[in-house]
Amino acid sequence: MKQKVLKRSKKAALVLMVPTATFLMAGCGQEEAVQTAAFETVDQCAAYYNPEQCKADLGQALAMHSQVAPKYTDKAACETDFGVGQCETPAQAAAAAGTEQVPQQAQASSGGFFMPMMMGFLAGQMLNRSGSQLKQPVQAQPLYKSRDDRSTFRTANNTPVAKGVGPAYVKPSSVQPKPAGVVNRGGFGAQAQKRSSSSATGFGG
Amino acid sequence: MKKIACDERPGWRSYAESVGFEFHTFDGEPYWDETGYYQFNLRQIEQDLEEPTEELHQMALGLVDDVIRDEEKLQQLAIPEKFWDFVANSWRNKAPSLYGRLDLVYDGTGPAKLLELNYDTPTSLFETGFFQWVWLEDQIMRGKVPQGADQFNSLQDQLETAFANLPLANPLYFASVANSIEDKGTVMYLMDIARQAGVDSRFIELEQLGEAGGQLVDLEGYAIGGLFKLYPWEFMLQEDFASVILSSQTQWLEPGWKMLLSNKGILPLLWQKYQGHPNLLESHFEQPGQSFAAGWVRKPLFSREGANVEMVTSSGEKISEPGPYADSAFIRQKLQPLPKFGDSYSMIGSWVVGNSAAGIGIREDNSLITKDSSRFLPHIILD
């Protein structure tokens, strides 16, 4: 006899909502390193990867530069960490990148600050298994070099990723870009308060 | 389709609370109601609900293309011009969508009629996907429901598959407003399923979302690559962080193009394109000074849970539900009264995950307008 096809789920289990359930954080403590690469130019990158993707990754790194780079109010303090002549203002960075537009970050803090120059970029992880860009666990981002270690590329959070140009193996969580700067909060939710008759009202429907 | 009285499971309330279903009773009134259930046959489910759900869904998707290239339609839907490109790009880039719910009028015979599409922030998900599923298993085991009974409810299976297969950001953040236990319950259920599908799911209160350098950030200041928000698009577009929607590299769930379909203005647009379709009710944009005739319903473009809906029945009785959404334009829709079972009017919420029909949940109310407080009843399929 043919098995009847059910119209309902084969299972309906909960793992988080049940207080007695214990579970392990997926991948916790055993995150695998993935291959990416560090470059100074699109040409270097194009030797390994699709040139169009290289251009896009450099563009993303440049755009991210003034958002994630460590910030100093004092040029000397920046140079202590990154070397004499190795620091710039966001306006200089934007000019060097050939854009007219000064990133929002710089406008917000008009007092001016200094940050290390971008020395290279980390390529996003190319062509992963699913071929999907959104599942890229590693984001393209700017790289820096500290004053006392000019051979090592580091992320904005000072994580060393590569000794020179070429392939690099990184754990995705260690190179997650973190915008450095003032965080504003509370910009969503005002309509809920305005339209809420009781505190229990929901905004699903 | 019929309603059958049934004994409640002893102790179901404490079980509900143990699995995080804290809103089973609301202001002392039952929300989850298992003193009865609805019974359908398989033909009713497959031909009258499942197939029309998928067809209506495809018709709605077909309208997105029409709207994004038509300024007049974008204006009719009150989409701010500043976001037209954002919406169009989200559609052209095939930004993935997780789920939606169609609200249908159906009495067991004849074509189900579409009342509206809840395609941005649909809830009653946990009640449908989990709690009524468990109810059926329990009641079969207790012999209160026939052994061969089934349920139109593949919601959890389909959501798990969607979380596993859609090109989603990982980690994926989930946000709802701080003060709603119902919204948080829905979000916790989605996070639970996402976790089972291998997605690193993280909760953040909507009000705690941050912005740094144009990027949406979490509590530690990390950029949010993907956000499921149980919060209406039309609210977000008016708030202080509206510009962050345009500058942040965040993947949104539901995506921007869903704001076209969750809008009641999609109902007249569907009628214009598919006039006379058996599953559609005649609908029009309200004209200035238009008289309110018997047999019609008036709905705001933006509203949920029946708020600000008014109707005049064929006998001339006026029924209305107050609410906070009177500030938008309105549509008119031909009244198709909900069927009455006993003392209650019932409405069917039919779920879509991806492009597939994924099950139903039934809401009952003492009035013709289904609302937030309307009771949720389980159902079975029995041939």
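The values are calculated or read from the model by the stated rules, or taken from the named source; none is laboratory data. All figures in this text were calculated on a predicted structure; none of them were measured in a lab. With ideal geometry, Cβ positions are generated from the backbone for all residues, glycine too; neighbour counts draw on all protein chains shown. Surface accessibility is based on the protein's heavy atoms, side chains included, excluding ligands, DNA and RNA. Shrake-Rupley method; radii C 1.70, N 1.55, O 1.52, S 1.80 Å.
Rolling a 1.4 Å probe over the protein heavy atoms gives region B:155-225 an accessible area of 29 Å² per residue. Computed with a 1.4 Å probe over protein heavy atoms only, the accessible surface of region B:1-114 comes to 45 Å² per residue. Residues A:Lys171, A:Lys7, B:Lys94, B:Lys318, sorted by accessible area with the largest first, give B:Lys94, B:Lys318, A:Lys171, A:Lys7 [1.4 Å probe; ligands and nucleic acids excluded].
Ordered by solvent-accessible area of protein heavy atoms (1.4 Å probe), largest first, the residues B:Leu281, B:Leu42 come out as B:Leu42, B:Leu281. Per-atom-type breakdown for the protein assembly as shown gives carbon and sulfur 50% of the accessible area (1.4 Å probe, protein chains only). Between B:Ser18 and B:Glu205, the FRET efficiency from the beta-carbon distance, with R0 = 30 Å, is close to 0.80.
Ordered from largest to smallest accessible area (heavy atoms of protein chains, 1.4 Å probe), the residues B:Trp252, B:Trp91 come out as B:Trp91, B:Trp252. Computed with a 1.4 Å probe over protein heavy atoms only, the accessible surface of region B:279-364 comes to 39 Å² per residue.
For region B:236-241, 3J(HN,Hα) computed residue by residue from phi via the Karplus equation (6.51, -1.76, 1.60; θ = phi - 60°) reads 4, 5, 9, 9, 4, 8 Hz, glycine and proline entered as x. Normalising by residue count, the protein assembly as shown has a Cα convex hull of 177 Å³ per residue. Burial of accessible area (probe 1.4 Å, heavy atoms of protein chains only) in region B:178-214, relative to its chain alone, reaches at least 30 Å² for B:Asn179, B:Asp183, B:Met188, B:Asp192, B:Arg195, B:Gln196, B:Glu207, B:Glu211, B:Ala212, B:Gly213. Counting charges near A:Val42 (Lys, Arg +1; Asp, Glu -1) among other residues having Cβ under 9 Å from its Cβ returns a value of -1. Between B:Asn118 and B:Arg101, B:Leu102, B:Asp103, the built amide H atoms are under 5 Å apart, and every one of these is 5 or more places off in sequence or on another chain. Near the amide H of A:Ala162, within less than 5 Å, lie the amide hydrogens of A:Phe153, all on another chain or at least 5 residues away, with H placed in the peptide plane. Give the residues of region A:141-168 whose amide nitrogen is closer than 16 Å to a point set 7 Å from the Cα of A:Val84 in the direction of its Cβ. A:147-148, by backbone N distance to the label point. Once C-alpha pairs closer than 8 Å and six or more residues apart are averaged by separation and normalised to the residue number of chain B, the relative contact order reads 24 percent. Placing dummy labels 7 Å off each Cα toward the beta-carbon, the span from A:Asn157 to A:Thr73 is 2.6 nm. Using +1 at the C-beta of Lys and Arg and -1 at the C-beta of Asp and Glu, which of A:Tyr169, A:Gly186, B:Gly11 has the Cα lying farthest in the positive direction of the dipole of the protein assembly as shown? In the protein assembly as shown, that residue is A:Tyr169.
Working from Cα pairs under 8 Å separated by at least six residues, relative contact order for region B:163-276 is 26 percent. A simple rule links phi to the HN-Hα coupling: the Karplus curve 6.51 cos²θ - 1.76 cosθ + 1.60 with θ = phi - 60°, which for region A:158-170 gives 6, 8, x, 10, 7, 8, x, 5, x, x, 9, 10, 9 Hz, with x for Gly and Pro.
Could you run the numbers on buried accessible area between A and B, total for both chains, 1.4 angstrom probe, in Å² to the nearest 100? Looking at A and B, the buried total is near 5500 Å². Holding the Cα-Cα limit at 26 Å, pick out from B:Lys73/B:Lys258; B:Lys258/B:Lys299; A:Lys10/B:Lys229; B:Lys334/B:Lys371; A:Lys7/B:Lys73; A:Lys55/A:Lys178 the pairs that are longer than that. Too far apart for the 26 Å limit: A:Lys10/B:Lys229; A:Lys7/B:Lys73.
Our estimate of slack between A:Gln92 and A:Gln193, defined as 0.36 nm per intervening residue step minus the Cα-Cα distance, is 32.1 nm. A:Met118 exposes around 40 Å² of accessible area when a 1.4 Å probe is run over every protein chain in place.
In the context of the full protein assembly, A:Ser146 retains an accessible surface of approximately 10 Å², using a probe radius of 1.4 Å and ignoring ligands and nucleic acids. Each residue, B:Ser315 and B:Gln75, gets one label point 7 Å from its Cα in the Cβ direction; the gap between the two is 4.3 nm. For B:Val309, the solvent-accessible surface with a 1.4 Å probe is about 10 Å², rounded to the nearest 10.
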